[in-house]
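A short write-up of the structure that comes next.
The values are calculated or read from the model by the stated rules, or taken from the named source; none is laboratory data. Keep in mind that what you see is a predicted model, and the values were worked out from it rather than measured. Quick reminder, even Gly has a Cβ in these numbers, built from the backbone with ideal geometry, and neighbours come from all protein chains shown. Keep in mind that these areas ignore ligands, DNA and RNA; they rest on the heavy atoms of the full protein, side chains included. Shrake-Rupley method; radii C 1.70, N 1.55, O 1.52, S 1.80 Å.
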Amino acid sequence: MGRAFEYRKARKLKRWGHMARVFTKIGKEIEISVKAAGPDPSSNTRLRLLIQNAKAENMPKENVERAIKRATEKDSSDYKEVIYEGYGAHGIAFMVETATDNTNRTVANVRMHFNKCGGQLGNSGSVAFMFEHKCVFKFKPGAGVDPEELELEMIDLGVEDFDQDEDAIVVSAAYENFGAIQKWLDDKGFEIVSGEAEFVPMDTKELDKEGRESIEKLVERLEEDEDVTNVYHNMKEVDEDEEE
């Protein structure tokens, strides 16, 4: 899960093209969090985690501070998080997360992206049953921690996948365990590099190169939309080296 998560993340960042888009998306999430639970990271656990995510993406500190300040101003945008579901070409299922201050604009744009790429926007619940809602944490436990013992402890928290790389550990669990895992990591004093939620397909559908390219066009259109924060689908990911 950890390596697969990092691979999907790397491809996403490559498609976004430049970090400004990433910063904009994180900024919106920060504004939503501040409006919901206040500007103090010590009492707003989601904000504290978003600040860590911003650091992991090399987002400048002043950008984070501006996003927090914007959320406290009277005339700030009132962003809402909305999830859209639909099908791309070849029956590929999509979950599209957005943060928007104008749902009419956003749904019209998302529908247009699907239509332009041979897909169709669906109703709520039309494809959600094909995905599992997961939380994914990347953290550094520090020196002297036995990974095997750590994994056993985290299984009791609901962790289903546990991967260790050179400098960090990546774990995933059902989304409802997000808060408990974050609190446990905080209480242990472990350094949380990032913490995210994602929709993971329960089954994937393999397409030929032409089919994959048609789906990638839809993914790129959606991810270039300023209201879209994340795009998930059930097309089987193929390493670029395997596409030859």
ask   = Which residue, of Glu153, Glu220, is closer than 27 Å to Arg21 by Cα and either of a type outside the set (Ser, Thr, Tyr) or without any contact (Cβ under 8 Å) to a residue 24 or more places away in the chain (or both)?
value = Glu220
request  = Please tell me if Gly158 is on the phi > 0 side of the Ramachandran plot and more than 22 Å from the chain's Cα centre (by Cα).
outcome  = no
task = Please state which one of Lys80, Lys55 is at pLDDT below 95 and more than 18 Å from Glu226 (Cβ to Cβ).
result = Lys55
query = Given the conditions (1) under 24 Å from Ala54 (Cβ atoms); (2) basic (Lys, Arg); (3) touching a strand residue (DSSP E or B) at 6+ places or on another chain (Cβ under 9 Å), and given that Arg111 satisfies all but one, which numbered condition is not satisfied?
reply = (1)
ask   = Taking the stated definitions as given, is Arg66 in a helix (DSSP H, G or I), open to solvent by 40 Å² or more (accessible area, probe 1.4 Å), under 29 Å from Glu213 (Cα atoms) and charged (D, E, K, R)?
value = no
query = Which residue pairs have Cβ atoms under 6 Å apart, sit 6 or more places apart or on different chains, and have a first residue in the stretch 115-127 that is over 16 Å from Met235 (Cα atoms) and a second that is open to solvent by 90 Å² or more (accessible area, probe 1.4 Å) and among the charged types (D, E, K, R)?
reply = Leu121/Arg111
task = Within the stretch 231-239, identify whether any single residue is under 30 Å from Glu149 (Cα atoms), touching a residue at least 60 places away in the same chain (Cβ under 8 Å) and under 18 Å from the mean Cα position of the chain (by Cα), and answer yes or no.
result = no
request  = Look at Asp187 and say whether it is modelled with pLDDT of 95 or more, out of contact with any strand residue (DSSP E or B) (no Cβ under 9 Å at 6 or more places or on another chain) and over 30 Å from Asn102 (Cβ atoms).
outcome  = no
query = Among the residues of the stretch 150-208 satisfying the criterion of being outside any strand (DSSP E or B) and of a type in the set (Gly, Ala, Ser), which is farthest from Ala89 (Cα to Cα)?
reply = Gly189
